[in-house]
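We did not get these values from a lab; they are worked out from the coordinates using the rules stated. Remember, it's a predicted structure, so these values are computed and weren't measured experimentally. Methodologically, a virtual Cβ is constructed for each residue, glycine included, from the backbone with ideal geometry; neighbour enumeration extends over all protein chains shown.
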């Protein structure tokens, strides 16, 4: 099961790469139209903003799974093992709480504002744009529950995860 989930996270990572590529191409196209053809595209900046939001949230799923968010390893490394474990569990409960909020309110927002359309792109339903919130919130919720269970049972992280970056330039 863990291997299948890791493969799924790899797909999310490739989706993020595609989003980044589309955003770069779209912004380059917008710059070309504005400064070379002297005819600005009215919709490109709004669409690029949506791509940036999606890239941020889907990228956060990958980073969360690999445990690469900013951490306090210097502080945790100086704690006794039992104290460190307690702090990791408390931190994961806080993260889990945030994921519940993101999922729940993202779901509500998607349903409440879903029939609205984008300002410059009338064919784009806001349901599509806002769907990133419950989707990524749900994925990160699963990741947090798995990590919390591993912490409580005492299992080590899987192969696809790594410790948080400590900020050292030697990494």
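Taking the stretch 86-131, which residues are surrounded by fewer than 14 Cβ atoms within 10 Å (Cβ to Cβ), farther than 19 Å from residue 58 by Cα and within 17 Å of the chain's Cα centre (by Cα)? Hit for the stretch 86-131 is 94, nothing else. Residues in the stretch 19-39 that are surrounded by 13 or more Cβ atoms within 10 Å (Cβ to Cβ) and in contact with a helix residue (DSSP H, G or I) (Cβ under 7 Å, 6 or more places away or on another chain): 19, 20, 22, 23, 26, 27, 29, 30. For residue 16, the conditions (1) closer than 27 Å to residue 65 by Cβ; (2) buried (at least 16 other Cβ atoms within 10 Å of the Cβ); (3) without any contact (Cβ under 8 Å) to a residue 40 or more places away in the chain all hold with the exception of (3). Regarding the stretch 70-80, can at least one residue be identified that is under 22 Å from residue 140 (Cβ atoms), touching a residue at least 12 places away in the same chain (Cβ under 8 Å), more than 13 Å from the chain's Cα centre (by Cα) and part of a helix (DSSP H, G or I)? Yes, that holds for at least one residue. Looking only at the stretch 116-149, residues that are farther than 21 Å from residue 5 by Cβ, assigned to a loop (DSSP other than H, G, I, E, B) and touching a helix residue (DSSP H, G or I) at 6+ places or on another chain (Cβ under 7 Å) come to 5 in all. Say whether the condition of being in contact (Cβ under 8 Å) with a residue 24 or more places away in the chain, part of a loop (DSSP other than H, G, I, E, B) and out of contact with any helix residue (DSSP H, G or I) (no Cβ under 7 Å at 6 or more places or on another chain) is met by at least one residue in the stretch 93-112. For the stretch 93-112, residues in contact (Cβ under 8 Å) with a residue 24 or more places away in the chain, part of a loop (DSSP other than H, G, I, E, B) and out of contact with any helix residue (DSSP H, G or I) (no Cβ under 7 Å at 6 or more places or on another chain): absent.
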